[in-house]
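Values in this text are rule-based calculations from the coordinates and carry no lab data. These numbers were taken from a predicted model, which means no experiment stands behind them. Please note: Cβ atoms are built from the backbone with ideal geometry, for glycine as well, and neighbour counts cover all protein chains shown.
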């Protein structure tokens, strides 16, 4: 029988396919949903308004500060006082651990895009949009950067909001008594 492949040698086939090992050095960050972020924001707003109402009650005999929802008495001072207070609250709490009280309750956190802790400057930029320009901040983010789950001031501050898991301390287990 003649060889059809005149002058060509058969190519040796490897016994098995080479194994390609991909080393994953990155971490997976799960972006928080808009609804979760809204509930965290609402919890913060309610708590801060309750706190400011207590302050108003204490200062009432000396100094009158109108409520934010009392729109007939709105003045530049009242709006400015509350929004600056919100800005300081979010900047301080989110630069400390990445979480305001609302974010703690909803198990979400603000971090840099690589997942590291944010610093005061990034927290201030991110909080500025939330405290002073929230409707515009969200609308531009939703319409201009759809699918990214970013507000404009998240993009400017290079931050993201991620889900966190509450973890029990290592080596401790909890046993519930029967009731």
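Mind checking the full-extension length gain between residue 35 and residue 49? Use 0.36 nm per residue of separation minus the Cα-Cα distance, one decimal, nm.
The residue 35-residue 49 span can extend by a further 3.0 nm.
Provide the convex hull volume over Cα atoms per residue for region 34-163, in Å³.
112
Compare the peptides 142-149, 84-91 by average per-residue count of other Cβ atoms within 10 angstrom and give them in order, highest first.
84-91, 142-149
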